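One structure is given here, and the rest of the page talks about it.
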Amino acid sequence: MENKEEIYEIAILGRVTWNLHSLNNEGTVGNVTEPRTIVLADGTQTDGISGEMLKHMHAENMWKLEKNKSNFCEACKQLKPERADENKNVRGQDSPKNAVKEALNCELCDIHGFLVQRPTVARTSLIEFGWALGIPQIFRDIHTHARHSVQEQFLQIEEEKDIGNWENEKCSKKGCETKPEESKLYKVKNKWYCEEHLPIKTGQMIYHNPTRSGIYAIISVFQPWKIGLNNVSFNYEVNDIQRKSRYQLALKAYQAMFMRPEGAMTATRLPHIENFEGIIVVSKTNSPVPVISPLKDDYKDQIKKIKIAINVGENIDILEFNSVSQFIEKIKILLEKRPYKVEFKKE
Ligand SMILES: [Zn+2]
Ligand SMILES: [Zn+2]
């Protein structure tokens, strides 16, 4: 029997342990990578994985999990970030309303949103991710690279020695007076240099190519009620069966991305996934799900208190999970439900 329960919004709040990953190197261009250092409200520096990166991981999983690629527009078939803006059928429409209607034929355009320039119309994503933020005790190991900005080549730092621990090495620059307690020592092309004498000329920059390990706070919100909903005319353009299958595809993409995160540099730095624990907050009627950052140790308790305070008619559910497999199971429960539908027409 079909489960009649409807899902309005879903929030995923949790702490994920990813070891030795480089998922945050979304700034990777050629061999150049940018570290992701974030400053929190209290001034603490930590590292993070951007929401764009996580959203991209989700979209890619949706694409992979859809057997029938004809459910995507031409741009999305090739996973192009332009989405509907590259869709000739959308660009040819005479009004924003019709452009959105046409674009909603594509599952990925519907769920992940788009920006069309002509006619000018935007659809916000139904899947939102915040930065995954390293809970500050995170451990990071930074491999430093020096880069020629013109040739886009790396002078890789092959080895480094810590401040005060140069062992028997010293800087190979003639007349260098840097003392071991003042600088790290770096090995480049088989020679050692202090920070001051690293062979970097004008136009070159040092880049860090970080491999990190840590526990990251994850927040994501999914708004199933908007699936297939034309955000200009406020009509559902997609039938209930398709809405449900898009809802399921989006949920399965969440399962996949936490089962096996893939992103920048996973060819050689596939993250060691240790754990994922947290809560899935579900709203079953038209009220927004509460979101509290898992950076806070008591985020689960706070959500539970909010649930009690606002829970008129049992409209909010909390599903707790303590492992990746439990997360998969809890999402599976949601797969049985269907996306909420707003009634716009009085009949
Ligand atoms: Zn598309
Ligand atoms: Zn030196």
Since Glu159 meets every condition but one in (1) more than 16 Å from ligand 1 (Cβ to nearest atom); (2) at pLDDT 90 or above, which condition does it not meet?
(2)
Residue list for the stretch 94-104, restricted to those being closer than 22 Å to Phe222 by Cα and either surrounded by 19 or more Cβ atoms within 10 Å (Cβ to Cβ) or not assigned by TED's automatic domain parsing to the domain that holds Val232 (or both)
Val100, Ala103, Leu104
Quick check on my filter: what residues within the stretch 248-262 are closer than 19 Å to Glu336 by Cβ and assigned to a loop (DSSP other than H, G, I, E, B)?
none
Please go through the stretch 294-310 and pick out each residue that is part of a loop (DSSP other than H, G, I, E, B) and surrounded by 15 or more Cβ atoms within 10 Å (Cβ to Cβ).
Pro294, Leu295
So if I check each of Asn89, Asn105, Asn98, which one is part of a helix (DSSP H, G or I), modelled with pLDDT of 95 or more and either within 16 Å of ligand 2 (Cβ to nearest atom) or under 17 Å from Val121 (Cβ atoms) (or both)?
Asn98
Quick test for you: out of Lys67, Lys55, pick the one residue that is more than 13 Å from ligand 1 (Cβ to nearest atom), in the same structural domain as Ile215 (by TED's automatic domain parsing) and in a helix (DSSP H, G or I).
Lys55
Answer residue from the stretch 16-59, given it is in contact with an Asp or Glu (Cβ under 7 Å, 6 or more places away or on another chain) and at pLDDT 80 or above and is farthest from Cys109 (Cα to Cα) among those
Thr17
For the stretch 82-93, does any single residue satisfy the condition of being more than 12 Å from ligand 1 (Cβ to nearest atom) and surrounded by 22 or more Cβ atoms within 10 Å (Cβ to Cβ)?
no
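The values are calculated or read from the model by the stated rules, or taken from the named source; none is laboratory data. These numbers come from a predicted model, not from an experiment. Don't worry about glycine lacking a Cβ; one is built from the backbone with ideal geometry, like all the others, and counts go over all protein chains shown.
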